[in-house]
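The values are calculated or read from the model by the stated rules, or taken from the named source; none is laboratory data. As the structure is a computational prediction, the values presented were derived from the model and not from experiment. Neighbour counts are summed over all protein chains in view; Cβ atoms, including those assigned to glycine, are modelled from backbone coordinates with ideal geometry.
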Amino acid sequence: MSSALSPCGSRGRVFFDKTLTKYNFGDSHPLHPIRLELTMTLAETFGLVSDLSPYQAPAATLEQLATVHTPGFIESVLQVGKHPERPDLGHGLGTPDNPTFARIDQAAAAVVGATLAACQQVWRGSVTHGVSIAGGLHHAMPNAASGFCVFNDLAVGIQWLLDNGAGRVAYVDLDVHHGDGVEAIFSNDPRVLTISLHESGRTLFPGTGFNTDIGGPDALGSAVNVPLPVGTSDVEWLRAFDAVVPELLRAFQPEVLVSQHGCDSHRSDPLAHLALTVDGQRASYQMVHDLAHELCAGRWVATGGGGYSLVDVVPRAWTHLIALVHGQVLAPETEIPGDWSAYVIARTGVAGPQYMTDGPLDLWMPWSGTFNPESAVDRSIAATRHAVFPHHGLLP
Ligand SMILES: [Zn+2]
Ligand SMILES: [Zn+2]
């Protein structure tokens, strides 16, 4: 365990170890752990982890899992881990999305442990920024696995923060899918603000997260959803982020920021239909990072999430994220070293990307009151602001 003092004045740490690659639904499943292996080796190639041995966290205990999951579901995961041949469809285990495998209970608890350790160390101040690339399993529900997610590492981490003195936690979910599990778990808790930007539920799993879904009766405005149309580009997506996230966070005044950085919003992702580049994603990491410094004394826990372009996108996107957690900025035009490219071909049989960029990022227009009624993205932004902003004393 070690960490580096970064140029932004913060200590950052990667919470990862190889046991996390045992969260593995099999070779034909989209969430293949090769994406984590390729990410860590690329980050190592750039010297981002080699001398900062990543932190190996203990798996979450049953008691820690029980802070957000029901006893019946936890027991079901334990049973399926012992007898993977006996699915439990009632708890979402053994479906095509969530196949069972031996010791699935241990693998899923290990993912929670990594994100939980990041939350603990950031909250206690031993590091300022932490990243858990295996984490971000935002679809898991209290009583069921869903959408490749068995236990909800984000929710266990956020609940730990609340139970250990945090009065206000902000959660920003930038995965292409709606962050439904995290939202459901805290939707009636005014101490947690959840914001999710995602492809609309009309065209994508899980089919939820509309503009008027704003939280439970005791916490109206604490859930925020910006559903986006098929084909949304970098400039539109960054504009949506700018129109919603900074103002709400400034009004909410979180003490700690937890963010989910699924990179399945990329134009080449095989499971979804937005049109971002690695460069648009990278710009959002910077914005989240800067908000953590502006509002939370730098306290920032970042996680991975979805991302199914395993070779071309995930390693580059999250290597940029890891760099930023260490307070370093990896220039987009950086060339990818031949060592890593050779490793990728040997490991996967396909050629990897050559640069850390997809090309120059187009200029995007900040929101600041300009509204184009012809734009479906602008209409969604306006609908979300109209539904949520008054609950925070803000003009829509
Ligand atoms: Zn920083
Ligand atoms: Zn996703």
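Worth pointing out:
- Some residue of the range 311-325 being touching a residue at least 12 places away in the same chain (Cβ under 8 Å), among the acidic types (D, E) and under 26 Å from I345 (Cβ atoms): yes
- For the range 89-107, the criterion of being modelled with pLDDT of 95 or more and farther than 20 Å from A144 by Cβ is met by at least one residue.
- Residue in the range 116-124 that is surrounded by 21 or more Cβ atoms within 10 Å (Cβ to Cβ) and free of Cβ contacts under 8 Å to residues at least 60 places away in the same chain present: yes
- Listed conditions (1) surrounded by fewer than 18 Cβ atoms within 10 Å (Cβ to Cβ); (2) within 24 Å of the chain's Cα centre (by Cα); (3) polar (S, T, N, Q) are all met by S341, apart from (2).
- Taken as a whole, the condition of being within 16 Å of ligand 2 (Cβ to nearest atom), crowded, with 16+ Cβ neighbours inside 10 Å, under 25 Å from S309 (Cα atoms) and hydrophobic (A, V, I, L, M, F, W, C) applies to L36.
- Scanning the range 125-158 for residues that are surrounded by fewer than 24 Cβ atoms within 10 Å (Cβ to Cβ), within 16 Å of ligand 2 (Cβ to nearest atom) and small (G, A, S) gives S146, G147.
- In the set (1) of a type in the set (G, A, S); (2) within 16 Å of ligand 2 (Cβ to nearest atom); (3) closer than 13 Å to T39 by Cα; (4) outside any loop (DSSP other than H, G, I, E, B), S284 fails one condition alone, (3).
- Of all residues in the range 163-190 being among the small types (G, A, S) and surrounded by 24 or more Cβ atoms within 10 Å (Cβ to Cβ), the one that is farthest from ligand 2 (Cβ to nearest atom): A170
- Among the residues of the range 347-392, those identified as small (G, A, S), surrounded by 12 or more Cβ atoms within 10 Å (Cβ to Cβ) and over 19 Å from V313 (Cα atoms) are S375, A376, S380, A382, A383, A387.
- Filter result for D312 (more than 16 Å from ligand 1 (Cβ to nearest atom), of a type outside the set (S, T, N, Q) and within 29 Å of V258 (Cβ to Cβ)): yes
- Of all residues in the range 215-236, exactly one satisfies the criterion of being outside any loop (DSSP other than H, G, I, E, B), surrounded by 20 or more Cβ atoms within 10 Å (Cβ to Cβ) and polar (S, T, N, Q), namely N225.
- Every condition in (1) away from ligand 2 (no atom under 15 Å from the Cβ); (2) among the charged types (D, E, K, R); (3) more than 25 Å from V150 (Cα to Cα) is met by R267 except one, and the failing one is (1).
- The range 297-396 holds helices (runs of 4 or more DSSP H) entirely within its bounds, and those carrying 1 or more residues that are closer than 24 Å to P229 by Cβ map to 314-325, 376-388.
- Some residue of the range 301-315 being more than 16 Å from ligand 2 (Cβ to nearest atom), closer than 20 Å to G167 by Cα and in contact with a His (Cβ under 7 Å, 6 or more places away or on another chain): no
- Among residues of the range 271-281, those that are out of contact with any strand residue (DSSP E or B) (no Cβ under 8 Å at 6 or more places or on another chain) and assigned to a helix (DSSP H, G or I), counted: 1
- If the condition is being in contact with a helix residue (DSSP H, G or I) (Cβ under 7 Å, 6 or more places away or on another chain) and more than 18 Å from L36 (Cβ to Cβ), then the range 325-355 contributes V329, L330, P332, P337, D339, A351.
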